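To keep things clear, I will list the structure first and then write my remarks on it.
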Amino acid sequence: MSNLIVHGGAPLAGRIVPSANKNAILPILCATLLTAEPVRLRGITEITDVKKILEVFRSLGSSVEVDFQTGILDVHHKSTHFDPASDRLPEEMRSSIMLVPGLMARFGAARIEDDVKGCTLGAREIDPHVEVFERFGAVVERQSDGLLLNVPGRLRANDHWTDYASVTTTENFVLCAALAEGTSTLMNAASEPHVQEFCAFMQMLGAKLEGLGTSRLKISGVEKLGGGDFTFAEDFHEIVTFLALGAITGGDVQVKNSQPEQFPLIDRTFAKFGVRIEHKDGWSRAITTGALKVKEPFTRNILQKVEAAPWPYLPVDLLPIFVALGVKAEGSVMFWNKIYDGAMGWTSELSKFGAHAFLSDPHRMVTFGGKPLHAAEVESPYIIRVAIALLMVAASIPGRSVIRHAAPIRRAHPHFVENICSLGARIEWVEGD
């Protein structure tokens, strides 16, 4: 067990350079399996899921050289092998399902383990992925410990229209289509910043991909892909989190941000809590004047709203960050998670701080902010950004708080606590119960 001890109440200030986005790194790592040429990745992060995938690569005979201090990874799958009878993909890691297309394309076979999951965000089905694999020609056989996929010959192109704009399903479709025979089209494709970054990497390898950043992707399959040198962008999740930490503690935090063009809706969401975001010379800054206060809607008798759904909506992963601002700011806000059921059920933990938050249904929460808050010991569900949101609330309150089960933070954000401490926070990890 990993707990966080937070001595809150100090305004945070300073400059931070965010790490790369886990949700870009993991699919790009999986995509390297599609080529037998060397690939160099710059900005790789030392997080649990990255280390698990690299260990899989090593077990399959790939060459892996990584320096987490410099963030440089060299990977070469020239001598890679795979035997579905003996080789296993990492369990309890959602991203392992993105290893399947590379294995099918290279070796004609792959596996999906029974226990493929990520954060506890409600039901996260694998059926959309299996459907994609079948459309590209995979024959799926259910076994006692998972699914076995066999591909007779080369993957074959197809057109597909997904039920919803799923990030991982979109990435799996592109991974399959890149080396498939013919031209494939995906409608209702996800277009989040990390999906765009993944698609840019695929183009660097030589994939013929059109429609980057839109809901319609067209991919013309090629015989083989090449290698290359790729640098990750800053994680917009971390950018928003550090800006919010500055705002909730009444401090002044500046965050490196090379893609402010992705932030107009995020900036407007901050403004609903009285926070102005300034982008200047490659840096972003949260500016507050006095206590946080919810902006009242002009329409009478309605609550201020923050709605989260697939991009270009506000990303659902960021919703807990704004919930933290909601319990701190004077006024009431309704938060609406339009994707995951069960992702809002942590109001009881907020109440331990003295916060007033009401769960309307599995998708909606209302905060009645500006109440007196006090330090507390709380338990985080296994959801990365919820653990961070609880940390944010604790950091804004004078006194000693404890965030129990905070380990999910390490899945996405390397050196996160060290970075916050560099801004003046007093936070430490404590192992054990």
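Points worth noting:
- Total residues in segment 185-204, condition crowded, with 17+ Cβ neighbours inside 10 Å and in a strand (DSSP E or B): 2
- Of all residues making up segment 342-370, the number that are among the hydrophobic types (A, V, I, L, M, F, W, C), in a loop (DSSP other than H, G, I, E, B) and free of Cβ contacts under 8 Å to residues at least 40 places away in the same chain: 2
- One residue from Leu373, Leu390 being modelled with pLDDT of 95 or more, outside the structural domain of Gly71 (by TED's automatic domain parsing) and in a loop (DSSP other than H, G, I, E, B): Leu373
- Within segment 69-97, being hydrophobic (A, V, I, L, M, F, W, C) and at pLDDT 95 or above holds for Ile72, Leu73, Val75.
- Count of segment 1-52 residues which are part of a helix (DSSP H, G or I) and not hydroxyl-bearing (Ser, Thr, Tyr): 16
- Cβ-Cβ under 6 Å pairs, at least 6 apart or on other chains, segment 31-43 side touching a residue at least 60 places away in the same chain (Cβ under 8 Å) and in the same structural domain as Phe198 (by TED's automatic domain parsing), far side crowded, with 24+ Cβ neighbours inside 10 Å and hydroxyl-bearing (Ser, Thr, Tyr): Val39/Thr32
- Taking the listed residues Ile409, Ile403, the one that is over 30 Å from Ile302 (Cα atoms) and assigned to a strand (DSSP E or B) is Ile403, with no other qualifying.
- Condition met for Gly213 (of a type in the set (Gly, Ala, Ser), more than 27 Å from Glu261 (Cβ to Cβ) and either in contact with a Phe, Trp or Tyr (Cβ under 8 Å, 6 or more places away or on another chain) or not in a helix (DSSP H, G or I) (or both)): no
- Test for Ile339: is it part of a loop (DSSP other than H, G, I, E, B) and assigned by TED's automatic domain parsing to the domain that holds Pro372: yes
- Count of segment 27-52 residues, restricted to those that are surrounded by 24 or more Cβ atoms within 10 Å (Cβ to Cβ) and modelled with pLDDT under 95, is 0.
- Of all the residues in segment 76-109, those that are closer than 19 Å to Leu155 by Cβ and either in contact with a His (Cβ under 6 Å, 6 or more places away or on another chain) or among the polar types (S, T, N, Q) (or both) number 2.
- Ala207 meets the stated requirement of being surrounded by 16 or more Cβ atoms within 10 Å (Cβ to Cβ), in the same structural domain as Val132 (by TED's automatic domain parsing) and in contact with a strand residue (DSSP E or B) (Cβ under 7 Å, 6 or more places away or on another chain).
- Of all residues in segment 402-420, at least one satisfies being buried (at least 24 other Cβ atoms within 10 Å of the Cβ) and closer than 19 Å to Ser351 by Cβ.
- Test result for Phe353, crowded, with 20+ Cβ neighbours inside 10 Å, outside the structural domain of Ser166 (by TED's automatic domain parsing) and of a type in the set (Phe, Trp, Tyr): yes
- Within segment 319-350, the only residue that satisfies the criterion of being surrounded by fewer than 23 Cβ atoms within 10 Å (Cβ to Cβ) and of a type in the set (Lys, Arg) is Lys338.
The values are calculated or read from the model by the stated rules, or taken from the named source; none is laboratory data. All figures in this text were calculated on a predicted structure; none of them were measured in a lab. Here Cβ is always computed from backbone atoms with ideal geometry, including for glycine, and neighbour counts include all displayed protein chains.
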